[in-house]
2 protein chains.
Amino acid sequence: MNNFRLNMPTEIFFGKDQIEILGKRLVKDNVKSVLLVYGKGSIKRSGLYDRIISQLAENSIKVTELPGIDPNPRITSVAKGAELCRENDVDFIVAAGAGSVIDCSKAIAAARYHNGDPWDFFIRKASVKKALPICAILTLAATGSEMNGGCVLTNEKTQEKLPMGSIRLKPRFSILDPAYTFSVPKEQTAAGIADIASHVFEQYFSYPDAALQDHMSEAVLKTLIENAPIVLKEPENYEARANIMWAGTVALNDLLELGKEGDWATHMIEHELSAKYDITHGVGLAILTPNWMRHVLDADNCYKFAAYGRNVWNTTETDDMSAALQAIEKTADFLKSLGLPQKLSEIGIDDSKFEEMAESALKNTRVGTFKPLSKEDIVKIYRKSL
Amino acid sequence: MNNFRLNMPTEIFFGKDQIEILGKRLVKDNVKSVLLVYGKGSIKRSGLYDRIISQLAENSIKVTELPGIDPNPRITSVAKGAELCRENDVDFIVAAGAGSVIDCSKAIAAARYHNGDPWDFFIRKASVKKALPICAILTLAATGSEMNGGCVLTNEKTQEKLPMGSIRLKPRFSILDPAYTFSVPKEQTAAGIADIASHVFEQYFSYPDAALQDHMSEAVLKTLIENAPIVLKEPENYEARANIMWAGTVALNDLLELGKEGDWATHMIEHELSAKYDITHGVGLAILTPNWMRHVLDADNCYKFAAYGRNVWNTTETDDMSAALQAIEKTADFLKSLGLPQKLSEIGIDDSKFEEMAESALKNTRVGTFKPLSKEDIVKIYRKSL
């Protein structure tokens, strides 16, 4: 296990009707003026919007709104949000929605204090020195953004989708009410589960091994596997939605990666797809994941896939390579059972940009630590995914 | 899953030589005068004491010392420590040692601002309104005190051992260097592992079930079972010591109990033993745990013991009661394999105080939530443990 530092400042309010604490919690932090960031209006249909507004009104907190955030949030929304914060003396951002809304809010929180293009943070021209505090009110279990300091934004002009992060961007607090995910459509629920599973794989399949962290990864995967069929069949099953929601948070709140060097190759090559084709991140991950596994598996690392098979899928094969191969096919079957597309061709992506995307993924950084990928490797994984 | 709130303010510095951050980290918090609390001198033999003192001296931080804390820390040490804090304008407590030292330091941190007997906190006559910040430098994997707000103190006069807790007592930061546990003797290492396992059982065997929390409990148990034989055989195996150390922290930093109502019966009836006979807490737990399991097992709850057996011990029995019984015997065998005593009679305890201790355990509170215990139940568990 490598040395590590852990700092989890985000307070979590989990469960039914926890939204009721919003007003008081903001007053405790002496908040006077918030920017309320949300998406395409699902929070209006679900009634969440009204509850937020009434909490803010009751506590005499001024509200400025930034609606319409895209599923792959855009850097242009960030510039707009930062400007609204400056104009309205905003001292706190309330992000109500999925990971896209929370990610966009984090970028706004940093951009508020940056004189220059917000994209600077993503191309490492600037680092986050100061940021507005934010809270997340989560409506989709997927990205884990509600308890970490990362965000991923898309630059439409350059067709890039890049991550950045800072401890200063970890939410001050987050409200997680599983009931807000009851109305999430089946495909989005499934894509969210694929995203969560991918977060676990990116950390599990990485060096060095770390016993507890890796067993905790297995715990998250088992929770997903047991609860996914339930939420897809019974979207209003509170317990199953709660299990998936908390799994999504734990999958990416630092705990699984402590003392390890996460791989993140699948995410990086998926970001290229989302940037070029504006597809749903979780769908891209579901297609790429089994093919990443098939491509990187070798005699040296098969022990790890075998452990995954035995501890998560109860594989009884005693030979490591056989257990590994079985585990990979189990993974593909699980993702298929979620009803997600299994091939890029199913979602209208052909091989015309594979080379370009592979080059772009490798432009500023290496791709993968568990098995570093070359341009040829990436193209092969895309091709296997056709 | 019940609603829950999670707040983990303790920053963790884990790994080799992390002690090097101590001085700078205290300066960051503008600390001028610390109370250094430690035990019977093992930190002097290991060199840790010198490293702490030099870090403090380099940063011109005044040091007042409170050495000699007992393994079952006493409330008289708390009064003394609080007085030292007042006399020396102490603004931060550095607790260097095992859980006993950290627990005592937490009680001092609270007592510093309390006009009255520090025991008031433990008999619920006072609550913690304000406390000095503390850091823990851990030298024994066991209690989890390094990342939670609880402490357990002994009152020699009344022969009581009671817990109390507050979010205000969660350490500001903790330094966890597995190398500091290399010199822990075999029996103490084993008792620490039994303590960690017991923390997991107290939360795992509780209602309601919570999928991820329960699978994470299984992850901690698997980590203990895999690494215990290694640390007992190779006390300087860094990786195994690291795995056990981090397992000890995760076992009691709130994560496993979220949305559940922990049982804690075994701890409560063990505290009676420690208070009356001054035995090692982990030894008492190791003796009582299998007997608690055997006593509470019934047709309604055997599914939970069966799940434990299947997920932790790979039990293949398909009948729940058979799987449960096998899991309990596996647990007893594991604790035996640590070389710990298995009977109260082995450590000089007879049945003369069983009734008295059972009454004392039940004096101010119920004992157990998974299966609430009556006086007769407690006496039976003690008797089975003879």
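The values are calculated or read from the model by the stated rules, or taken from the named source; none is laboratory data. Quick caveat, the model's predicted, so the values are computed rather than measured. Ideal geometry is used to build each Cβ from the backbone, glycine not excepted, and the neighbour counts take in all protein chains shown.
Please specify each residue of the stretch A:329-341 satisfying the condition of being within 21 Å of the chain's Cα centre (by Cα) and surrounded by 15 or more Cβ atoms within 10 Å (Cβ to Cβ).
Within the stretch A:329-341, A:T331, A:A332, A:F334, A:L335, A:L338, A:L340, A:P341 meet the criteria.
Would you mind listing the helices (runs of 4 or more DSSP H) fully within the stretch B:296-366 where at least 1 residues are in contact with a strand residue (DSSP E or B) (Cβ under 9 Å, 6 or more places away or on another chain) and under 22 Å from B:E272 (Cβ atoms)?
B:354-361
For B:T249, are the conditions met, namely being within 13 Å of chain A (Cβ to nearest Cβ), within 22 Å of A:A219 (Cβ to Cβ), surrounded by fewer than 22 Cβ atoms within 10 Å (Cβ to Cβ) and in contact with a helix residue (DSSP H, G or I) (Cβ under 9 Å, 6 or more places away or on another chain)?
For B:T249, the condition - within 13 Å of chain A (Cβ to nearest Cβ), within 22 Å of A:A219 (Cβ to Cβ), surrounded by fewer than 22 Cβ atoms within 10 Å (Cβ to Cβ) and in contact with a helix residue (DSSP H, G or I) (Cβ under 9 Å, 6 or more places away or on another chain) - is not met.
When residues of the stretch B:136-162 are filtered for being touching a Leu at 6+ places or on another chain (Cβ under 9 Å), of a type outside the set (A, V, I, L, M) and either within 26 Å of B:T223 (Cα to Cα) or without any contact (Cβ under 8 Å) to a residue 60 or more places away in the chain (or both), how many remain?
Of the residues in that region, 9 qualify.
Among the candidates A:N30, A:N72, which residue alone is away from chain B (no Cβ under 14 Å), assigned to a loop (DSSP other than H, G, I, E, B) and more than 27 Å from A:M164 (Cα to Cα)?
Going through A:N30, A:N72 in turn, the sole match is A:N30.
Restricting to the stretch A:272-295, what's the tally of residues that are under 20 Å from A:E356 (Cβ atoms) and not in a helix (DSSP H, G or I)?
Qualifying residue count, the stretch A:272-295: 2.
Just the residues that are touching a Lys or Arg at 6+ places or on another chain (Cβ under 7 Å), in contact (Cβ under 8 Å) with a residue 24 or more places away in the chain and surrounded by fewer than 20 Cβ atoms within 10 Å (Cβ to Cβ), please, taken from the stretch B:89-118. Reasoning before the result, please.
Keep residues of the stretch B:89-118 that are touching a Lys or Arg at 6+ places or on another chain (Cβ under 7 Å), which gives B:91, B:112-113.
Subset that is in contact (Cβ under 8 Å) with a residue 24 or more places away in the chain: B:91, B:112.
Answer for the stretch B:89-118, where residues must be touching a Lys or Arg at 6+ places or on another chain (Cβ under 7 Å), in contact (Cβ under 8 Å) with a residue 24 or more places away in the chain and surrounded by fewer than 20 Cβ atoms within 10 Å (Cβ to Cβ): just B:D91.
Just need a number here: residues in the stretch B:219-240 that are at the interface with chain A (Cβ under 8 Å from one of its Cβ atoms) and of a type in the set (D, E).
Qualifying residue count, the stretch B:219-240: 2.
Looking at (1) in a helix (DSSP H, G or I); (2) of a type in the set (A, V, I, L, M); (3) under 22 Å from A:G97 (Cα atoms); (4) within 18 Å of the chain's Cα centre (by Cα), which one does A:A179 not meet, given that it meets all the others?
(4)
Looking at B:M216, is it in contact (Cβ under 8 Å) with a residue 40 or more places away in the chain, over 16 Å from the mean Cα position of the chain (by Cα), crowded, with 24+ Cβ neighbours inside 10 Å and within 14 Å of chain A (Cβ to nearest Cβ)? Write out each step before concluding.
Working: in contact (Cβ under 8 Å) with a residue 40 or more places away in the chain: yes; over 16 Å from the mean Cα position of the chain (by Cα): yes; crowded, with 24+ Cβ neighbours inside 10 Å: yes; within 14 Å of chain A (Cβ to nearest Cβ): yes.
Against the criterion (in contact (Cβ under 8 Å) with a residue 40 or more places away in the chain, over 16 Å from the mean Cα position of the chain (by Cα), crowded, with 24+ Cβ neighbours inside 10 Å and within 14 Å of chain A (Cβ to nearest Cβ)), B:M216 qualifies.
When you scan the stretch B:358-386, how many residues do you find that are among the acidic types (D, E) and modelled with pLDDT under 95? Spell out the reasoning first.
Start the filter on the stretch B:358-386 by keeping residues that are among the acidic types (D, E), which leaves B:359, B:376-377.
Adding the requirement that they be modelled with pLDDT under 95 leaves none.
Number satisfying all stated conditions: 0.
Against the definition (touching a Gly at 6+ places or on another chain (Cβ under 7 Å), modelled with pLDDT of 95 or more and surrounded by fewer than 20 Cβ atoms within 10 Å (Cβ to Cβ)), how does A:Q326 come out, yes or no?
Values: touching a Gly at 6+ places or on another chain (Cβ under 7 Å): yes; modelled with pLDDT of 95 or more: yes; surrounded by fewer than 20 Cβ atoms within 10 Å (Cβ to Cβ): yes.
Judged against the criteria, A:Q326 is a match.
On the basis of being within 21 Å of the chain's Cα centre (by Cα), in a loop (DSSP other than H, G, I, E, B), closer than 27 Å to A:D278 by Cβ and of a type outside the set (A, V, I, L, M, F, W, C), does A:D103 make the cut? Walk me through it before giving the result.
Values: within 21 Å of the chain's Cα centre (by Cα): yes; in a loop (DSSP other than H, G, I, E, B): no; closer than 27 Å to A:D278 by Cβ: yes; of a type outside the set (A, V, I, L, M, F, W, C): yes.
Here the answer is no, as A:D103 does not meet what is asked.
Please go through the stretch B:238-268 and pick out each residue that is in contact with a Leu (Cβ under 9 Å, 6 or more places away or on another chain), over 17 Å from A:H215 (Cβ atoms) and assigned to a helix (DSSP H, G or I).
Correct list: B:A265, B:T266, B:H267, B:M268.
What are the residues in the stretch B:358-386 that are surrounded by 21 or more Cβ atoms within 10 Å (Cβ to Cβ) and not small (G, A, S), if any?
B:V367, B:F370, B:L373, B:I378, B:I381, B:Y382
Here's a check for you: in the stretch B:304-338, which residue that is in contact with an Asp or Glu (Cβ under 7 Å, 6 or more places away or on another chain) and polar (S, T, N, Q) is nearest to B:W292 (Cα to Cα)?
The qualifying residue nearest to B:W292 (Cα to Cα) is B:Q326.
Can you find a residue that is modelled with pLDDT of 95 or more, within 13 Å of another protein chain (Cβ to nearest Cβ) and more than 27 Å from A:G259 (Cβ to Cβ) anywhere in the stretch B:33-48?
Among the residues of the stretch B:33-48, not one is modelled with pLDDT of 95 or more, within 13 Å of another protein chain (Cβ to nearest Cβ) and more than 27 Å from A:G259 (Cβ to Cβ), which makes the answer no.
Cβ contacts < 8 Å: first residue not assigned by TED's automatic domain parsing to the domain that holds B:S46, restricted to the stretch B:227-240; second residue outside any helix (DSSP H, G or I) and buried (at least 18 other Cβ atoms within 10 Å of the Cβ), any location; separation 6+ or different chain. Result?
Listed pairs, sorted by first residue: B:A228/B:L338; B:L232/B:L338; B:P235/B:V184; B:E239/A:M1.
If a residue must be under 19 Å from B:Y238 (Cβ atoms) and surrounded by fewer than 13 Cβ atoms within 10 Å (Cβ to Cβ), how many such residues does the stretch B:16-59 contain?
Within the stretch B:16-59, residues that are under 19 Å from B:Y238 (Cβ atoms) and surrounded by fewer than 13 Cβ atoms within 10 Å (Cβ to Cβ) number 2.
Can you name the number of the only condition in (1) within 14 Å of another protein chain (Cβ to nearest Cβ); (2) on the phi < 0 side of the Ramachandran plot that A:D254 fails?
Here A:D254 meets the rest and fails (2).
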